[in-house]
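Data block below; observations after.
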Amino acid sequence: MSLDPATPTFSDPSATTAAQLNGVARISGLGVIRAQGEQAAQFLQGQLTQDVVLLPVGSSRLAAFCNPKGRMLASFRAYKRCADELLLVTSIDTLPATLKRLTMFVMRAKVKLSDASGDFAIYGAMGEAAQALLQGATQSIAASAGAASAGSQNDAQPVVIALPPADGAPRALCLLPTDAAAPAGPVLTEADWRWAEVRAGVARVVPPVVEAFVPQMLNYESVDGVSFKKGCYPGQEVVARSQFRGAIKRRAFVAHVAGAAEAGQEVFDTSAPDQPVGLIAQAAPAPGGGAAVIVSLQLSAELAADLRVGAADGPRLAGLQLPFALLTDI
């Protein structure tokens, strides 16, 4: 398996990349869980794959919430707003079940978990619009460092979260008060954003694939979504064993489907169609036709001549590529 991402080359000549996208889209498919209290970071430290205790204020990282078998129940962009408040940006459709399950483990911890989705308008920015947001956020953090205590951030201050690029184009999320004006930039549609999200190659857990993957099946360890140096969390032993005993048999690829596709669909190799060789983690219609997908695929099937989605005679899946280099040393 090649460890270096390559320039996309789809069999479908109408397929394009997200490299030229520039602008801002209002996002309805994301929600926010707020963890607030003096033990907020310590509590999440024991639940997520990420080291949120060492996460600096004003910073964000990818994280997963797993069951005891190491299978992902949800994924987040965890943002530390201040020392006693973290925001978990997650799929809106998985949020209620995730919040309920996390709340079960609070017990006597000094933390309050709540659905804060109604407190924010969420925007996705691409290209120059994303660069402007990220630059402004960096300057704001630098200006406020030392000028205020960790717990006294203004609730009206924008939350800006850097995301992995899509085909080289910068991306960012911006959380604003619901009555605030949208970030500056050309208007993109949510369909544009979802397509670029898939092209970036970091799958977001959605209901059809809850409990389908350990984090490495989606390459999370290679985009700083798993800390192997922190303490225990649900499923840690399985995740660590997968990493250090060479048990990773599936990896996530970005690809193109010559037809409709959706998360949860199986992928078949026509040369051995009795058993699926992969599972689509995320999908979005592609502007040039068909669908862009993130597929978690058996490594043994990476070079298969003919992969199909949904059934052995379903639409063809082609153009497999790693969206970013995989870490060879943790």
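Here are the numbers for this structure:
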{"item": "Members of the range 292-328 found to be over 20 Å from residue 167 (Cβ atoms), under 21 Å from the mean Cα position of the chain (by Cα) and of a type in the set (Gly, Ala, Ser), listed by number", "result": "296"}
{"item": "For residue 274: the one exception among (1) open to solvent by 50 Å² or more (accessible area, probe 1.4 Å); (2) part of a loop (DSSP other than H, G, I, E, B); (3) closer than 18 Å to residue 322 by Cβ", "result": "(3)"}
{"item": "Considering residues of the range 56-73 that are open to solvent by less than 30 Å² (accessible area, probe 1.4 Å) and farther than 18 Å from residue 232 by Cβ only, the residue modelled with the highest pLDDT", "result": "62"}
{"item": "Test: residue in the range 78-93 that is open to solvent by 10 Å² or more (accessible area, probe 1.4 Å), within 18 Å of residue 29 (Cα to Cα) and not in a strand (DSSP E or B)", "result": "yes"}
{"item": "The range 250-266 - residue that is touching a Pro at 6+ places or on another chain (Cβ under 6 Å) and either outside the structural domain of residue 305 (by the TED database) or surrounded by 24 or more Cβ atoms within 10 Å (Cβ to Cβ) (or both) and, of those, farthest from residue 197 (Cα to Cα)", "result": "257"}
{"item": "Selection count where residues are touching a helix residue (DSSP H, G or I) at 6+ places or on another chain (Cβ under 7 Å) and among the hydroxyl-bearing types (Ser, Thr, Tyr), scope the range 285-330", "result": "1"}
{"item": "Among residues of the range 95-113, those that are touching a strand residue (DSSP E or B) at 6+ places or on another chain (Cβ under 7 Å) and farther than 30 Å from residue 192 by Cα, counted", "result": "7"}
{"item": "Every pair of residues 6+ apart whose Cβ atoms lie under 8 Å, when the first sits in the range 111-135 and is in the same structural domain as residue 89 (by the TED database) and open to solvent by less than 30 Å² (accessible area, probe 1.4 Å) while the second is part of a helix (DSSP H, G or I) and of a type in the set (Phe, Trp, Tyr)", "result": "111/43; 124/193; 126/193"}
{"item": "Strands (runs of 3 or more DSSP E) wholly inside the range 22-67 that include at least 3 residues being farther than 25 Å from residue 229 by Cβ", "result": "23-26, 30-36"}
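The values are calculated or read from the model by the stated rules, or taken from the named source; none is laboratory data. Remember, predicted model here, so these are calculated numbers, not experimental data. So basically every Cβ, Gly included, is an ideal-geometry build from the backbone, and we count neighbours across all protein chains shown. Areas reflect the complete protein model, heavy atoms only, side chains present, ligands, DNA and RNA absent. Shrake-Rupley method; radii C 1.70, N 1.55, O 1.52, S 1.80 Å.
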